[in-house]
Amino acid sequence: MAVVAVFVGIFAWNALGALGGLFVNLLIAFFLALALEPIVVWLVRHGWRRGAAAAVALIGGLVLVVVVLALFGNLFVQQLVQLVENVPQLYADARTMAGERFGVEVPETDELLRQATEAWGGDLASGALLVGTTILGGVFAALTILLVTYYLLAAGPRFRASICRWLTPNRQQEVLRLWEITQVKVADFINTRIVLAAIATVATFAFLAILGTPYSLPLALFTGVVSQFVPTIGTYIGGALPVVVALTSQGVPQALGVLAFVIGYQQVENLWLAPKVSARALEMNAAVSFVVVLAFGAVFGALGAFLALPVAATIQAVANTYVQRHELVQSHMLHDPGETPAPEPDGTNAERTRAAAREVEQRHADGVQ
C-alpha cells in the first residue's frame, strides 16, 4: 500500500503540473463570468432567456474590445513599432548622458548585444522555433476561456443547483449566500480596476500628448494597466518608462514634468478618485495586496500576478464571512497616542453574514428600481 500510495502521489503531482495551464484558463473564465454576471442578470430580469443573455453579454464584451482596438490599435501599433525601432538610439542617448553627467561607463550597443547573444543566444534560437506553437496555444487557450465563460454564464442557477445537491439544506444556504456575496464583491473589484485603468490611461495619454512625448499611447496604456494591477507602487513602476522616454527623447524638464504628473495623479487617485469609484468594492490592505501579487507572480508567472488581486478578493470575501473575529482588549499598543479607538465591528459570523446579505439584497432592490 505504501508503494502504491507513492506512485499515486507521483502521478497526481505530474497530472497537476500538466493541467496547470488548464486550471489557469478555468480561473480566468470564472472571474470573467463573475464580472459579466450582473449584465446577464439585468437582461434576464428584463425578459431575456438566460442563454441569449449570456451570449449577448459575452459578445458585447468582445465587440467592445474590438472597437477599442480598431480605434486605437493602428496608432498603438505604429507607435509601438517606432518605439522598438528607436530603442538602440534611446540606449545610445542614455549612455551618452550617463557618461557626461554622472561619469558612469555603460557598455556600448555592440558590446551589450554580444553579451546578450552569448548569454541567451541558445534560448532565443530555441524560442524562435516555438513561436508557431505558442500562437496556436494562445488561440486554443482563448477559445477555451470564452467557451467556459459562456457555459458558466448560460448555466447560472443550474450550475449552482448541481453543486447544492451534494449538500445539506443548511450548508446550501451558507454556500449560496457566500457565492452571492463573493460574486458581488469580485465583480465590483474587477470592474473598478478596469474603470481606474481606463481613466489612468486616458489621463496619462492626454498629458503625454500635450507635452509632446513620443509613443504616448503605448506608454499611457502600459502605465494605466500596471498602475491598477500592481498595487501600491504600480503607478510608479508604470510611470518609470514614460519618464525614461521623456528624458532620453526630450530632456530633463520634460522628464521632471512626467514625474510630477505621475506623483500628482497617484495622490488624486488615492485620495479622491479611487474612493469614489470603488466605494462598494472589496478593499484590501495595500501591503497585503502587494505581497499577494509578488507571491502569485513568483508561482504562476505574469498571468498569476494579473489574477492575484481578484483571487485575493475572493479569499477575503470568504474570510470576512466565515472567519470569526473577537473584541479587542484595551491596550495602548492598538492605537496611536491621543487617538480615539475605533468602534468594534460585529464579532460573530452570523451577524457579519447577515449584514453582507442585507447589502446584496439592497443592491438587488436598487437594480429593480
Are any residues in region 216-254 among the hydroxyl-bearing types (Ser, Thr, Tyr) and within 21 Å of the chain's Cα centre (by Cα), and if so, which ones? 223, 227, 232, 235, 236
Picking from 337, 345, 310, which residue would you name as being modelled with pLDDT under 75 and outside any helix (DSSP H, G or I)? 345
Could you list, in sequence order, the residues of region 244-275 that are assigned to a helix (DSSP H, G or I) and at positive phi? none
Which residues, taken from region 160-191, are within 14 Å of residue 36 (Cβ to Cβ) and open to solvent by 50 Å² or more (accessible area, probe 1.4 Å)? 191
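Being more than 29 Å from residue 259 (Cβ to Cβ), of a type in the set (Val, Ile, Thr), without any contact (Cβ under 8 Å) to a residue 40 or more places away in the chain and part of a helix (DSSP H, G or I) narrows it down to one residue among 226, 175; which is it? Quick ask: steps written out before the conclusion?
Numbers: 226 fails: more than 29 Å from residue 259 (Cβ to Cβ).
None of the other options fit; the residue is 175.
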Enumeration of residues in region 28-50 that are in contact (Cβ under 8 Å) with a residue 60 or more places away in the chain and surrounded by fewer than 16 Cβ atoms within 10 Å (Cβ to Cβ): 42, 45
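I'd like the full set of residues that are aromatic (Phe, Trp, Tyr) and surrounded by 13 or more Cβ atoms within 10 Å (Cβ to Cβ), limited to region 135-159. Give the steps one after another, and end with the answer.
In the first step, residues of region 135-159 are kept if they are aromatic (Phe, Trp, Tyr); the result is 140, 150-151, 159.
The answer is 150, 151, 159.
Being polar (S, T, N, Q), modelled with pLDDT of 80 or more and either under 30 Å from residue 156 (Cβ atoms) or open to solvent by 70 Å² or more (accessible area, probe 1.4 Å) (or both) is the requirement here; does residue 25 meet it?
Working: polar (S, T, N, Q): yes; modelled with pLDDT of 80 or more: yes; either under 30 Å from residue 156 (Cβ atoms) or open to solvent by 70 Å² or more (accessible area, probe 1.4 Å) (or both): yes.
Against the criterion (polar (S, T, N, Q), modelled with pLDDT of 80 or more and either under 30 Å from residue 156 (Cβ atoms) or open to solvent by 70 Å² or more (accessible area, probe 1.4 Å) (or both)), residue 25 qualifies.
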Hits in region 199-223 (condition: among the hydroxyl-bearing types (Ser, Thr, Tyr) and outside any helix (DSSP H, G or I)): 213, 215
Do you know which of the residues in region 255-288 that are among the aromatic types (Phe, Trp, Tyr) and either modelled with pLDDT under 75 or over 20 Å from the mean Cα position of the chain (by Cα) (or both) is farthest from residue 185 (Cα to Cα)? 261
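The values are calculated or read from the model by the stated rules, or taken from the named source; none is laboratory data. Predicted model only: the values in this text are computed from it and were never measured. We place every Cβ from the backbone using ideal geometry, glycine too, and count neighbours over all the protein chains shown. Areas reflect the complete protein model, heavy atoms only, side chains present, ligands, DNA and RNA absent. Shrake-Rupley method; radii C 1.70, N 1.55, O 1.52, S 1.80 Å.
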